[in-house]
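Chemist: Would you mind keeping the following structure in view while I ask a few things?
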Amino acid sequence: YDIFKQYGSLKKKYKTTEISKLTVNSNVKVMFIIDKIKVIKTKKGDEMAFLVVSDDTGSIDATMFPKTYLECKENLGNNKLCICEGKVEKRDEKIQIVINRMFINNRNWLKYFVNSGIIFLLIIETYI
């Protein structure tokens with residue numbers, strides 16, 4: 001993806017890790033594009049999501065539990081560029097990211113920063 005070259009300065013600024021370099025049990029920041037979203041309901045009736053995300057080095061499954069999903073579901077979509085914070089875990093012999101916080105690309109890099117139920121609007125950078 002050329003977009004990762006275009007936003008290379010953001011990758012450096014936020015010290016993101018490439019998908020190909022993720023290791024189990026590490027807390028990471030990853031910049032990726034959302035390839036696929038599958039929303040399900042838990043036994044309690046809450047929505048959560050399973051995603052497939054990718055960068056220029058590979059792809060990985062990601063999980064958003066109900067609290068995180070609720071806070072940013074209105075801004076999720078396929079082909080959106082995001083930066084997340086999460087933990088890399090191993091499940092069924094595959095690694096995945098459990099997403100705890102997320103920045104989502106909106107116009108002019110206006111981001112929604114999700115943290116503990118509060119949504120902060122941050123203008124990170126504007127690229128033309």
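The values are calculated or read from the model by the stated rules, or taken from the named source; none is laboratory data. This is a predicted model, so every value here is computed, not measured. Here Cβ is always computed from backbone atoms with ideal geometry, including for glycine, and neighbour counts include all displayed protein chains. Remember, those area values only see protein heavy atoms, side chains included, never the ligands or the DNA or RNA. Shrake-Rupley method; radii C 1.70, N 1.55, O 1.52, S 1.80 Å.
Chemist: Could you please give the count of residues in the stretch 59-83 that are over 12 Å from residue 36 (Cα atoms) and among the basic types (Lys, Arg)?
Modeler: Total meeting the criteria: 2.
Chemist: What do you reckon, is residue 39 among the aliphatic types (A, V, I, L, M), touching a Phe, Trp or Tyr at 6+ places or on another chain (Cβ under 8 Å) and surrounded by 13 or more Cβ atoms within 10 Å (Cβ to Cβ)?
Modeler: Yes: the conditions hold for residue 39.
Chemist: Can you work out which of the residues in the stretch 82-110 that are at pLDDT below 85 and not aromatic (Phe, Trp, Tyr) is surrounded by the fewest Cβ atoms within 10 Å (Cβ to Cβ)?
Modeler: 107
Chemist: For the structure I just gave you, tell me whether residue 45 is open to solvent by less than 70 Å² (accessible area, probe 1.4 Å) and modelled with pLDDT of 95 or more.
Modeler: Yes.
Chemist: Then there's this: Step by step: first the residues of the stretch 1-36, then only those that are open to solvent by 40 Å² or more (accessible area, probe 1.4 Å) and basic (Lys, Arg), then the one that is farthest from residue 101 (Cα to Cα). Which residue is that?
Modeler: By that ranking, first place goes to 5.
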